[in-house]
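The values are calculated or read from the model by the stated rules, or taken from the named source; none is laboratory data. What you see is a predicted model; the values in this text were computed from it and never measured. As a convention, Cβ positions derive from the backbone with ideal geometry for all residues, glycine included, and neighbour counts pool all protein chains shown.
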Amino acid sequence: MARLDHALQTLRALDDVAAGARNRGQPDPRALLLGALACIVTAVSFERHTVAALLPLALFPLALAIRAQLPWRLIKRTLMLAAPLVLMVGLFNPLLERETALLLGGVPVSAGWLSFVSILLRATVAVSTTLALVASTGMPVLCNAMTRLHVPQALSLQLWLLYRYLFALGAEASRMDTARQLRAGAQPRPSLATWGALLGQLLLRSVDRAQRLHQAMLARGFTGSLPSPALRWRMADSVFLAGWCSYFIAVRMLDLPTLLGQALLRGLT
Amino acid sequence: MNAGAVRLKGLRFDYPDGTPALRGVDLHISPGEGVAVIGANGAGKSTLLLQLNGLLLPTAGQVAIDELQVSRTTLAAIRQRVGYVFQDADDQLFMPSVEEDVAFGPRNQGLPPAEVQQRVQAALQQVGALHLATRAPWRLSGGEKRAVAIAGVLAMRPQVLVLDEPSAGLDPAARRRLIHLLQACVQTRVMATHDLDLVLDTCQRVVVMHQGAVQADGPAQQVLADAPLLARCGLEPPLSLSVRETSR
């Protein structure tokens, strides 16, 4: 349960960062969303053994994070949360692809290890880009941007409600677990039967809470569609999006790290 | 304010499992009147309140706000007229900042941005929370959350303000601010509460509910001084009246 609390705190902290970022002024959330999407698509589009050529993509989340003043520990915490899944996906590659792909300082490196590192890098780029995007806009603003980009209402609304209910569910689970711990005595871990009872109660209480939340929204005129305040697209947003898209195309078409390395070597010789 | 009359006629409501919650309630509340609905737990207070803006629809009988009857087809119009403040402010506040949360209702009403902004400012000013506009709702204290929840409803300019346990969980200072706020409201006010001292300070009229039916309906001072009636309905006279009685 401590992990759940931790994850929810991370989300709350992201909201705080987003509020600050919006107050300081950010590009239009649609530009940020499209830019982030372009970055992730570029990362995914590389051949599966690519490693070095992926590195320049980290510039985009880095720039967003710096602009939003996203604390480094939040990025680290979120990457750690995603790490088990990424490791599980990539861990079998070194076992399955054993042929040597390159020699690194005389040490043979198998194709499996290359694809494993590539998966790690792609996941890092994707997670940190998403994180920086949410930290720059905030989830409700992001959902509004999706609506304005004509993403089906069902999807943006689901995302928005999911985000809202996540906190309600997390708070409920946390309260129940605290109540259990206070009467757990010498049994710090719940038994299977206790887990069953807790989960059953959590489901019932969550449904009840979700109903109250929904009623509170209905009472303020919610009719099933998101309030979608107008956004203003400026020339600077076009420049932002065009600039980053050009950069992603360059990263994809040219192997920038190799070119940079060659240029440096030429300079040195 | 001339609009905001509430009329309940033969109102019955059964929960889906068949449990009767309201057993034929007749009530008329005049525009601008402050009415407290009191009663023991399970008396039907909250169920009654939820009928006023169609969050629950009657099993039988009628609910009308002015000439408009509450039904599935009139829900949008009814919810513009009746604002509902929930017992737990956390149920109500969910947008990333206070001002965006207060703007949620007016935006749903389809108002132009300038009008939304003006209403948000006015509502926050009215509840004394203008300084909280850019704060995140989950960072606020209980009293601040309650004030912002009320502002979120006031921004919709309702004719009827419905409040479920408005003083629950408030410290004395926040409770006093709430009393001043409610006293200054010109709308028709209907509140369900166990805080009978709050009732004395803010409502002219009291409706006592017991087992889903109205047991008494009259001036607050008179009803709340009727100790046998209150005892029958699982209630006690408010502390301020008891103290006054003792000091005589």
Of the residues that sit in the range A:139-175 and are within 23 Å of A:Val207 (Cβ to Cβ) and charged (D, E, K, R), which one is nearest to the other protein chains (Cβ to nearest Cβ)? A:Arg164
If B:Gln62 satisfies all but one of (1) facing chain A (nearest Cβ under 9 Å); (2) under 20 Å from the mean Cα position of the chain (by Cα); (3) surrounded by fewer than 17 Cβ atoms within 10 Å (Cβ to Cβ), what's the number of the condition it fails? (1)
Under 8 Å between Cβ atoms, at least 6 apart or on separate chains: pull out the pairs that start in the range A:212-239 with a residue that is closer than 25 Å to A:His150 by Cβ and end on any residue that is among the small types (Gly, Ala, Ser) and crowded, with 20+ Cβ neighbours inside 10 Å. A:Gly221/B:Gly105; A:Leu226/A:Ser156; A:Pro227/B:Ala103; A:Pro229/B:Ala103; A:Leu231/A:Ala145; A:Trp233/A:Ala31; A:Asp237/A:Ala31; A:Ser238/A:Ala31
Taking helices (runs of 4 or more DSSP H) that do not extend beyond the range B:69-126, which have at least 3 residues that are closer than 30 Å to B:His28 by Cα and within 10 Å of chain A (Cβ to nearest Cβ)? B:75-81, B:89-92, B:98-108
What number goes with the only condition from (1) within 14 Å of another protein chain (Cβ to nearest Cβ); (2) in contact (Cβ under 8 Å) with a residue 24 or more places away in the chain; (3) not in a helix (DSSP H, G or I) that B:Leu170 does not pass? (1)
Of the residues in the range B:141-160 that are within 13 Å of chain A (Cβ to nearest Cβ) and not in a helix (DSSP H, G or I), the one that is surrounded by the most Cβ atoms within 10 Å (Cβ to Cβ) is B:Ala155
When restricted to B:Arg232, B:Arg189, B:Arg205, B:Arg175, the only residue under 29 Å from B:Val25 (Cα atoms) and free of Cβ contacts under 8 Å to residues at least 60 places away in the same chain is B:Arg232
In the range A:202-248, anything out of contact with any helix residue (DSSP H, G or I) (no Cβ under 8 Å at 6 or more places or on another chain), within 14 Å of chain B (Cβ to nearest Cβ) and more than 30 Å from A:Leu4 (Cα to Cα) is listed as A:Arg232
Is there a residue in the range A:213-224 that is surrounded by fewer than 17 Cβ atoms within 10 Å (Cβ to Cβ), at pLDDT below 85 and closer than 24 Å to B:Pro113 by Cα? yes
